[in-house]
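Engineer: So that we are looking at the same thing, I have put the structure below in structure tokens.
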Amino acid sequence: MANLRAAQKEMTRGLLLSTALELFEAQGYAATKIDDIARAAGTTRVTFYAHFSGRSDLMRALIARLNELLERSDDAGHHSTSDALVAAVREGERAGLDAWLRAQSARWPEIRPYVLSAFEAAAVDPELRGLVYQWFEEVIDDIERGLTEAGRFAPDSRRARGVLAMAQLDHLAQRWMRHGWDIDGDQALALLADSWAHLLAD
């Protein structure tokens with residue numbers, strides 16, 4: 001009986017998350033109220049608060065799910081990390097960087113609602129602004145870590161290289177998420193890989 005209750009609780013939590021994500025995508029984070037989420041999920045405000053302390057708490061759970069979709073795992077020193085990114089940077093081969101970038105771009109359709117909702121939430125909620133900033137910093141940490149493990153480039157330049165590489169990737173991803181491929185996608189990814197190789201490889 002306890003297992004059934006736990007399964008029902010997890011199912012309700014998942015329903016609230018997926019319903020909220022749909023509403024955030026359809027009408028925006030700022031315009032979506034807790035009552036809207038509970039009603040659309042076929043439950044109540046009381047049930048919502050049994051799972052989340054508020055909209056910000058729910059958004060944190062969606063960002064955690066985003067990390068899972070991106071295969072970012074918990075790491076004691078970095079909050080979340082991508083072993084695949086660290087390895088691609090450490091190896092320092094253009095082909096490996098290109099493969100990692102293309103694997104990420106293949107996930108864009110699935111992660112699009114999470115990313116756009118997180119950015120909108122960060123614009124109106126200072127607590128979430130810090131969380132989204134931290135999420136970016138964790139990716140930069142991975143790049144810096146890969147360079148450090150490889151012993152490549154001057155130590156005081158490694159983080160700057162990570163910042164520049166992440167800025168390029170984020171801009172291309174955001175452009176795609178808002179406009180689709182209004183430029184040649186294959187060419188854009190190839191040029192991004194060239195730029196990453198220049199920044200991060202020997």
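The values are calculated or read from the model by the stated rules, or taken from the named source; none is laboratory data. Note that the structure is a prediction, hence the values are computed from the model and not measured. Cβ atoms come from the backbone with ideal geometry, glycine included; neighbour counts cover every protein chain shown.
Engineer: Being over 25 Å from Arg65 (Cβ atoms) and either surrounded by 17 or more Cβ atoms within 10 Å (Cβ to Cβ) or not assigned by TED's automatic domain parsing to the domain that holds Ala64 (or both) is the requirement here; does Leu116 meet it?
Structural biologist: It is false that Leu116 is over 25 Å from Arg65 (Cβ atoms) and either surrounded by 17 or more Cβ atoms within 10 Å (Cβ to Cβ) or not assigned by TED's automatic domain parsing to the domain that holds Ala64 (or both).
Engineer: Just the residues that are surrounded by fewer than 17 Cβ atoms within 10 Å (Cβ to Cβ) and among the small types (Gly, Ala, Ser), please, taken from region 151-187.
Structural biologist: Listed by number, the residues that qualify are Gly151, Ala154, Ser157, Ala160, Ala167, Gly180, Gly185.
Engineer: Go through Glu137, Glu127 for me and flag whichever is over 11 Å from the mean Cα position of the chain (by Cα), of a type outside the set (S, T, N, Q), in a helix (DSSP H, G or I) and at pLDDT below 90.
Structural biologist: On inspection, the qualifying residue turns out to be Glu127.
Engineer: Is it true that some residue in region 102-124 is over 30 Å from Ala30 (Cα atoms) and not β-branched (Val, Ile, Thr)?
Structural biologist: Yes - at least one qualifying residue is present in region 102-124.
Engineer: Every residue in region 50-67 that is under 18 Å from Gly130 (Cβ atoms), assigned to a loop (DSSP other than H, G, I, E, B) and touching a helix residue (DSSP H, G or I) at 6+ places or on another chain (Cβ under 8 Å), please.
Structural biologist: Gly54
Engineer: Follow-up question, since we're still on this one. Does Asp182 satisfy the condition of being without any contact (Cβ under 8 Å) to a residue 12 or more places away in the chain and out of contact with any Lys or Arg (no Cβ under 7 Å at 6 or more places or on another chain)?
Structural biologist: Considered against the rule, which asks whether it is without any contact (Cβ under 8 Å) to a residue 12 or more places away in the chain and out of contact with any Lys or Arg (no Cβ under 7 Å at 6 or more places or on another chain), Asp182 comes out as yes.
Engineer: Follow-up. Can you tell me which residues in region 1-17 are loosely packed, with under 15 Cβ neighbours inside 10 Å and in a helix (DSSP H, G or I)?
Structural biologist: Hits for region 1-17 are Ala2, Asn3, Leu4, Arg5, Ala6, Ala7, Gln8, Lys9, Glu10, Met11, Gly14.
Engineer: In addition: Which of (1) of a type outside the set (Val, Ile, Thr); (2) surrounded by 13 or more Cβ atoms within 10 Å (Cβ to Cβ); (3) modelled with pLDDT of 95 or more does Gly28 not meet, given it meets every other one?
Structural biologist: All conditions are met except number (3).
Engineer: For region 68-112, which positions are closer than 16 Å to Trp135 by Cα, in a helix (DSSP H, G or I) and in contact (Cβ under 8 Å) with a residue 60 or more places away in the chain?
Structural biologist: Within region 68-112, Leu85, Val86, Gln104, Arg112 meet the criteria.
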